[in-house]
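First up is the structure itself, then whatever we jot down about it.
Derivation of every value follows stated rules applied to the coordinates shown; laboratory data play no part. Computed from a predicted structure; not experimentally measured. All Cβ positions, even for glycine, are placed from backbone atoms using ideal geometry, and neighbour counts span all protein chains on display.
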Amino acid sequence: MIEEEEEFEGLVSSIPASSSSFSSSSSSSSSLPTRRHRKKRNVSWQERYRFQIGLAALLVTATMVVFAYLETVFTGDEAPSLWNYSTYNTNNTQLNTSHPYNGGMMIDYDCPVRVAADKNDFDGGKEYLEEGAQPFFNNKTYFLDHFRNHSFDGWGRTYDEFKASMREFKTKYFVPNLQNGDSIYESACGIGLNLYLTLEILQEEGGISDVTVYGNEYLQESVDKANMFLETLLDAQETNGHPKNKKGRLCHGDSTNLSHVPANSFDLVFTGYISPLWDPLEFGGTEDNYYGKMTKICRDPQKNENLWEYQKLAEIMQEEQEDWYSIWTTEMIRIAKPGKAIIIEEISLPYCDNMEDWGGVRRDFWKEGTERYGWDIDPESLMVIEGTQKMRYNVLMKKTI
Ligand SMILES: C[S@@+](CC[C@H](N)C(=O)[O-])C[C@H]1O[C@@H](n2cnc3c(N)ncnc32)[C@H](O)[C@@H]1O
C-alpha cells in the first residue's frame, strides 16, 4: 500500500484554520467554499497506476490486432480457413519427425486389362511422346545423370525449371495436407516426374517422407516409363536415414474411368493437367480442321449472318468441355479419403477466351459445378490460385467428411 494525498472538495470553513494546509499562505482564501483540501489515505499500487495500466492494456491489444492483420496480408490468406498454409522455406532440408506417422499401408488394386479409346485421344498422344523420354528408357545411369536438365510431358521446360516453378505452390498446398506414411494419387501421371518432384519438394520443404505414390496414364508407353523411372529414382533418393518413399500401382488407364481404383483411399489426389476434349463438337478431320471451325465459332460472331447459331454452337461446345472436366474431377474426388485434398493444376481457359491454349473451363465453373454435378466436396474449401503458365490456374478442394 502506498500513502497518498487524496483530494476532495469541501467547505474549508468547517475545518479549523490552523489545520488547513493552506492557512499559512492565505488565510483569507481559506473561507472560500471551492477550496480543495487534502487528506492522507492508503491506496494500492493498482489504484495509483490505474491510468497507466489501462493505457498499456490498450496498447497491447492494438498491437495484437495490427499483427494479426499483417499476418493475413503477408501470408496471402485469401483462402477459406479450411486450408492451412505452410511457409515457403527453401532452406529446410531436415526431415521433420514431428509429422505423425500415418501407417504407410499399401493400397492394393489390379490395373485394367483393357483400356478403351478415350474421348480426348486425337492422335494417340503423340504430342506428349514427341518431347521424348526415349533416350532415358532402359538406361538408368544415363537417366539419373541427365533427367534434371531435360524437358518431359509437354512441360516446355527442364525438370529443374518446372520443379522450381512449382515449389511455392506445392509447399503451400501439398505440404500442410500430408504426413509421413501418407499416399498420393496422380490422375494422368505421364512419365511420373510430376509425382517425383512432388516427393522431392515434400521432403525438402516439409521434411515429409515414406509417402507412397500411385497413378494412371492413358498412354501405355508413358506409364511403362513412369513405373521404371520412379523405381529408379526412389531407389536412389536420399532420405537421410528416414524410411524411403515408395511406388504403389501406376496403371494404364483413362482418368475419366478409374473404376479399378477403390473409393476413399488416398490422402491427396491431384492431376498435373486435365487434357481437354480437343474436338468437343466432333467436327472430325485434322487438328487444323476442327480448331479452324472452333475459331470461327468463337471469333466476332457479329460479322456472321447466322449470329445466334454461332452463339449456340459456342455454348454447346463449352458445355461438352465442362462435362468432360466434371467426369475427370468426379473420379478424383471419389478416390480421395473423406476430408482430404483434391488439387487440379494448370487449368486452361475456355477456347473462346484464349485461343492460344487448348481449351478448358472458366474459373467460375468450379463453384457452379459443385452444385450442377453434385460433387462430394465442401463448397467452402474451393479455392482458385493462379498457375505457373500464362493464363492458366489451379483449383483446390476438399472432399466432404
Ligand atoms: C501435360 S501431360 C502431364 C503429365 C503429368 N501429369 C505432369 O504433370 O507431368 C498430360 C498427360 O495426360 C495424359 N492423358 C490425356 N488424356 C488422358 C486420359 N483421358 N486419361 C489419362 N491420361 C490422359 C497424356 O497422355 C499426358 O501424359
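What is the order of C111, C298, C189, fewest Cβ neighbours within 10 Å to most?
Working: C111 14, C298 20, C189 28.
With the sparsest Cβ surroundings first, the list reads C111, C298, C189.
Computed extension gain for V384 through N139, at 0.36 nm per residue and net of the alpha carbon distance, reaches 84.2 nm. Taking a sphere under 15 Å around the Cβ of N180 and counting the other residues whose Cβ falls inside, with K and R at +1 and D and E at -1, yields a net charge of -3.
Phi-derived couplings, Karplus 6.51 cos²θ - 1.76 cosθ + 1.60 at θ = phi - 60°, listed residue by residue for the stretch 320-334: 4, 4, 5, 4, 4, 4, 5, 5, 4, 5, 4, 5, 4, 5, 4 Hz, with x used for Gly and Pro. Straight-line reach from K312: taking Cα to Cα under 16 Å and skipping same-chain neighbours fewer than 8 places apart, the lysines in range are K293, K296, K303.
Sketch the reach of a paramagnetic label on M105 as a point 7 Å from Cα along Cα-to-Cβ, and name the residues of the stretch 326-351 whose backbone nitrogen lies under 19 Å away. Residues passing the 19 Å test: 334-341. Note on E287 and D160: the extension gain reaches 42.6 nm, defined as 0.36 nm multiplied by sequence separation minus the Cα-Cα distance. Taking amide H as placed 1.01 Å from N in the peptide plane, the amide H of N394 sits under 5 Å from that of E346, I347, I385, E386, G387, each at least 5 places away or on another chain.
Past 26 Å, Cα to Cα: identify those pairs from K170/K340; K247/K390; K172/K247; K244/K337, in the order given.
Working: K170/K340 15 Å; K247/K390 32 Å; K172/K247 24 Å; K244/K337 23 Å.
Over 26 Å Cα-Cα: K247/K390.
Under 5 Å between amide hydrogens, built in the peptide plane, is the criterion, and for A336 it picks out N264, S265, F266 among residues at least 5 positions away or on other chains. F137 sits among other residues whose Cβ lies under 13 Å from its own Cβ, and their net charge, with Lys and Arg +1 and Asp and Glu -1, is -1. Going by a ≥ b ≥ c, the root eigenvalues of the Cα gyration tensor, does the stretch 208-315 fall in the rounded group (a/c under 1.5), the prolate group (a/b larger than b/c) or the oblate group? Because a/c hits 1.5 or more and a/b exceeds b/c, the stretch 208-315 counts as prolate.
How would you rank D364, D153, going from fewest to most other Cβ atoms within 10 Å of each one's own Cβ?
Working: D364 9, D153 24.
So the ranking, lowest neighbour count to highest, is D364, D153.
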